[in-house]
Amino acid sequence: MNTQSLLERIGQVTSKYFVVWVVAVSAIALYTPETFTPIGAYITPLLGIIMLGMGLTLTPADFRRILERPRDVFIGATAQWLLMPTFAYVLVVALGLPWEIGVGLILVGAAPGGTASNVMTYLGRGDVALSVTITSLTTIAAPLVMPAWVVLLAGESITVTFGEMAQSIVLIVLLPVVAGLVLRYVLDAYAPSVAKAGLSIFPAISVIAIVAIVAAVVGLNVEEIMTASALVFLAVVLHNGLGLGAGYSVGHLTGMREDRARACAFEVGLQNSGLAVALAVAFFDPIAALIPALFSVWHNVSGPALATLFTHLDGDAPVGDDDSTVAAD
């Protein structure tokens, strides 16, 4: 087995058992939290690594798709921008969650799409190109959209300003994504073999970084997790479920093909909970990271489950046009 094949194999195995790593390390962190709490100081740079990896998967063609299919991109992005923050606020109020905990759900709701949505769209035979484009757009818009929602919904219960949060998101998300995009462009032009090797191994690096973030947050909040009421877990499950269901429904109600409706479901329902964790730790009480941490675990269970359901319903029948289910790269 050559080096390229080995790297691809490592990336595939690591990504395939992503949910296993997340659940396993969460359990270990509950048992020995002191092992993982030091990682808490590195949550922000770890998230930057994940965003750099996302940037490496992007090409100028992904952004041209915004012009080529503006309707579906606009519908998917708008559904995420409007529905998830609204669902979060309604759940916080309806379930009576304390604001120091509920702000974590609002952070999740206001977050852009996560890279998990692209992977789940691929596994569920959705339109990966549309998924990547929506994720890219919502990520780029995050420095404006995310703090606006948090300030609007959390209001007087927070002291952080729009500018402070926007600046943090630019540093954590936008700059690493742009750096990854530029690096990919340069490597494709001058060192394509290096670019291919990087794309093969970076999924594994991203998985390791996400697992480390989850472990750190679980370790830092072990007492709160052990004593968390059923309402906290219910809020996470309902928020994620409402997002997946609403995204799929919006896709069909607006006349999208089945594969694009699936992409819309994953884009709306699977958030960048790692970013929510980083902002919770940076700007709020540590307990605010509880719901984003639980969301990180849960959506990596519900996402694969829905993707499996979609493929089961398909059988061997193709979904959409031939170019709609390209591999995520």
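The values are calculated or read from the model by the stated rules, or taken from the named source; none is laboratory data. Keep in mind that this is a model prediction, so the values were computed, not measured. All Cβ positions, even for glycine, are placed from backbone atoms using ideal geometry, and neighbour counts span all protein chains on display. Heads up: the accessible areas ignore ligands, DNA and RNA and are worked out on the full protein's heavy atoms, side chains in. Shrake-Rupley method; radii C 1.70, N 1.55, O 1.52, S 1.80 Å.
The table for this structure:
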| read-out | value |
| --- | --- |
| Filter result (more than 27 Å from residue 257 (Cα to Cα) and open to solvent by 20 Å² or more (accessible area, probe 1.4 Å)) within region 110-155 | 144, 145, 148, 149, 151, 152, 153, 155 |
| Residue 138 in contact with a Gly (Cβ under 8 Å, 6 or more places away or on another chain) and under 20 Å from residue 299 (Cα atoms) | yes |
| Options 70, 85; residue that is out of contact with any Ser or Thr (no Cβ under 6 Å at 6 or more places or on another chain), more than 26 Å from residue 181 (Cα to Cα) and not basic (Lys, Arg) | 85 |
| Only one of 96, 113, 124, 104 that is farther than 17 Å from residue 295 by Cα and in contact with a Leu (Cβ under 7 Å, 6 or more places away or on another chain) | 124 |
| Selection from region 220-264 of residues that are of a type in the set (Lys, Arg) and either surrounded by 20 or more Cβ atoms within 10 Å (Cβ to Cβ) or within 14 Å of residue 101 (Cα to Cα) (or both) | 260, 262 |
| Residue 26 modelled with pLDDT of 80 or more, surrounded by 16 or more Cβ atoms within 10 Å (Cβ to Cβ), among the polar types (S, T, N, Q) and under 26 Å from residue 199 (Cβ atoms) | no |
| Enumeration of residues in region 71-108 that are open to solvent by 50 Å² or more (accessible area, probe 1.4 Å) and in a helix (DSSP H, G or I) | 71, 74, 81, 82, 86, 89, 90, 93, 94, 99, 100 |
| Of residues in region 301-327 being touching a helix residue (DSSP H, G or I) at 6+ places or on another chain (Cβ under 8 Å) and closer than 17 Å to residue 238 by Cβ, the one modelled with the lowest pLDDT | 301 |
| Of all residues making up region 174-195, the number that are surrounded by fewer than 16 Cβ atoms within 10 Å (Cβ to Cβ) and either farther than 25 Å from residue 137 by Cβ or of a type in the set (Val, Ile, Thr) (or both) | 7 |
| Test: residue 31 is open to solvent by 50 Å² or more (accessible area, probe 1.4 Å), in contact (Cβ under 8 Å) with a residue 24 or more places away in the chain and out of contact with any strand residue (DSSP E or B) (no Cβ under 6 Å at 6 or more places or on another chain) | no |
| One residue from 117, 131, 193, 200 being hydroxyl-bearing (Ser, Thr, Tyr), more than 30 Å from residue 98 (Cβ to Cβ) and under 15 Å from the mean Cα position of the chain (by Cα) | 131 |
| Whichever residue in region 265-297 is out of contact with any Ser or Thr (no Cβ under 9 Å at 6 or more places or on another chain), part of a helix (DSSP H, G or I) and surrounded by fewer than 24 Cβ atoms within 10 Å (Cβ to Cβ) and, among such residues, is modelled with the highest pLDDT | 287 |
| In region 1-22, residue surrounded by the most Cβ atoms within 10 Å (Cβ to Cβ) [restricted to those that are within 24 Å of residue 307 (Cβ to Cβ) and either at pLDDT 80 or above or more than 22 Å from the chain's Cα centre (by Cα) (or both)] | 8 |
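Results for (1) out of contact with any Gly (no Cβ under 7 Å at 6 or more places or on another chain); (2) under 30 Å from residue 72 (Cβ atoms), shown as yes or no for each residue.
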position: 232; (1), (2): yes, no
position: 236; (1), (2): yes, yes
position: 240; (1), (2): no, yes
position: 246; (1), (2): yes, yes
position: 254; (1), (2): yes, yes
position: 260; (1), (2): no, yes
